[in-house]
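Encoded as structure tokens, the structure appears first; notes follow it.
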Amino acid sequence: MPMRPRDQLVVDHLHIVGAATAYVASRITHVSRDDLASAGAFALVRAAEKFDASLGVPFGAFARARVNCCLLYTSDAADE
């Protein structure tokens with residue numbers, strides 16, 4: 001069964017979540033790496049749903065910004 005375009009975007013850019021998770025996890029200790037990876041994967045799926053190629057922004061750049069923001073929010077929310 002062929003993948004839908006959104007699913008293919010997620011699979012092709014999953015490395016963004018791994019890199020962002022490793023970066024954030026190396027700097028904070030109060031949130032588990034698994035929780036960060038989970039939040040990052042969810043943000044990547046949401047980015048694929050919201051992406052509009054007609055705006056001229058590459059998906060990788062769009063997704064990286066959304067994943068990074070989500071991980072920062074997750075680490076801040078854990079502080080409360």
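The values are calculated or read from the model by the stated rules, or taken from the named source; none is laboratory data. What you see is a predicted model; the values in this text were computed from it and never measured. Reconstructed Cβ throughout: ideal geometry from the backbone, glycine too, with neighbour counts over all protein chains shown. Just the protein is used for accessible areas: all its heavy atoms, side chains included, with ligands, DNA and RNA removed. Shrake-Rupley method; radii C 1.70, N 1.55, O 1.52, S 1.80 Å.
Restricting to DSSP H runs of at least four residues, report the calculated mean residue ellipticity at 222 nm for the chain, -39500 (n - 2.57) per run over all residues, nearest 500 deg cm²/dmol.
Numbers: 4 runs with 59 residues, N = 80.
After summing the helix terms and dividing by the residues of the chain, the value is -24000 deg cm²/dmol.
Using only the alpha-carbon atoms, how far is helix 59-79 inclined from the longest principal axis of the chain? Give it as 0 to 90 degrees, nearest 10.
Rounded to the nearest ten degrees, it is 20.
How high is the relative contact order of the range 3-64, in percent, with contacts defined as C-alpha pairs under 8 Å that are six or more residues apart?
Working: 41 pairs, mean separation 25.6, N = 62.
Rounded, it is 41 percent for the range 3-64.
How large, in percent, is the carbon and sulfur part of the accessible surface of the chain at a probe radius of 1.4 Å?
Values: 3080 of 5260 Å².
That fraction is 59 percent.
Give me P(r) over the chain, computed from all C-alpha to C-alpha distances, binned every 10 Å, as integer percentages.
Once binned at 10 Å, the Cα pair distances of the chain give 19, 49, 24, 7, 0.
Could you give the size of the charge dipole of the chain about its Cα centre, using +1 on the Cβ of each K and R and -1 on the Cβ of each D and E, expressed in debye and rounded to the nearest 20?
Details: 8 positive and 9 negative charges, 51 e Å.
That gives the chain a dipole magnitude of about 240 debye.
With each label point set 7 Å from Cα along the Cα-Cβ vector, what nm distance links Arg27 and His15?
Modelled inter-label distance: 2.2 nm.
Please list Asp52, Asp76 from largest to smallest accessible area, probe radius 1.4 Å, with all protein chains kept in place. Could the numbers behind the result be given before it?
Details: Asp52 70, Asp76 90 Å².
Result, largest first: Asp76, Asp52.
Quick one: angle between helix 33-50 and the longest Cα principal axis of the chain, in degrees between 0 and 90, rounded to 10, please.
30 degrees
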